[in-house]
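Undergrad: Please see the structure below; I have some questions.
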């Protein structure tokens, strides 16, 4: 459970890094005229790159979550008065056959039948149809972070309100285009209709994942949910085996 606690500590540090970055006005709003329609468009242009500390903190968080599951198996073996080996680890399987294959590789040797049944119930192939297991998300992110690169992130718009004032009157548009920092946040009238247009935008930004199952999701909220589900949900199911 200490690994989950440390993941939460990393999340708290990540939130500080995010706040510092977002408070520094990392993007600007620019007005462009769309060539085909001659309409005025407000777009977001990133100004400051996402600091490397943010994906590093995210990586620390997901690695601690993933290793907490392997630590759990190790402790379950000890709780059963057996000796764990380098073959022990928490399997994450998309099918019953894959789970049986992991058992043959001695991943869960020595743990009690009751604990084994709990681990089996947590497997992704046991999830409801159409639902993605949080354990799969953690595993995928951890694999990218461990074996390939720092996790990709993107500055995006969380919410925006743009006000256009012209001879046609006042128009207020609200946008919630989370997922793409290049998305327009407001579209004004064509310039041949409204020769003079005053535009004003208020924008809230977010840092989102830019890959994998969680692509487009705000990073701190996503990690908070994963910590809660794995720590208070999955791992908490095994407390009875250590009493």
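The values are calculated or read from the model by the stated rules, or taken from the named source; none is laboratory data. Only a predicted model underlies this, so the values are computations on that prediction, with no experimental measurement involved. Glycine gets a Cβ as well: all are built from the backbone with ideal geometry, and neighbour counts include every protein chain shown.
Undergrad: Determine if the stretch 101-110 includes at least one residue that is on the phi > 0 side of the Ramachandran plot, surrounded by 14 or more Cβ atoms within 10 Å (Cβ to Cβ), assigned to a loop (DSSP other than H, G, I, E, B) and in contact with a helix residue (DSSP H, G or I) (Cβ under 7 Å, 6 or more places away or on another chain).
TA: The answer is yes; a qualifying residue exists.
Undergrad: May I ask you to say which residue of 76, 22 is in a helix (DSSP H, G or I) and either buried (at least 20 other Cβ atoms within 10 Å of the Cβ) or modelled with pLDDT under 90 (or both)?
TA: 76
Undergrad: Exactly one condition in (1) under 18 Å from residue 156 (Cβ atoms); (2) touching a residue at least 12 places away in the same chain (Cβ under 8 Å); (3) out of contact with any helix residue (DSSP H, G or I) (no Cβ under 9 Å at 6 or more places or on another chain); (4) surrounded by fewer than 18 Cβ atoms within 10 Å (Cβ to Cβ) is false for residue 44; which is it?
TA: Unmet for residue 44, out of (1) under 18 Å from residue 156 (Cβ atoms); (2) touching a residue at least 12 places away in the same chain (Cβ under 8 Å); (3) out of contact with any helix residue (DSSP H, G or I) (no Cβ under 9 Å at 6 or more places or on another chain); (4) surrounded by fewer than 18 Cβ atoms within 10 Å (Cβ to Cβ): (4).
Undergrad: Sort out which residues of the stretch 25-54 are at pLDDT 75 or above, more than 23 Å from residue 150 (Cβ to Cβ) and either outside any strand (DSSP E or B) or within 21 Å of the chain's Cα centre (by Cα) (or both), and write them in order of number.
TA: 25
Undergrad: Give the residue, chosen from 9, 34, that is surrounded by fewer than 19 Cβ atoms within 10 Å (Cβ to Cβ) and in contact with a strand residue (DSSP E or B) (Cβ under 7 Å, 6 or more places away or on another chain).
TA: From the options 9, 34, the qualifying one is 34.
Undergrad: Assess whether residue 57 counts as being part of a helix (DSSP H, G or I), within 27 Å of residue 232 (Cβ to Cβ), free of Cβ contacts under 8 Å to residues at least 60 places away in the same chain and in contact with a helix residue (DSSP H, G or I) (Cβ under 9 Å, 6 or more places away or on another chain).
TA: For residue 57, the condition - part of a helix (DSSP H, G or I), within 27 Å of residue 232 (Cβ to Cβ), free of Cβ contacts under 8 Å to residues at least 60 places away in the same chain and in contact with a helix residue (DSSP H, G or I) (Cβ under 9 Å, 6 or more places away or on another chain) - is met.
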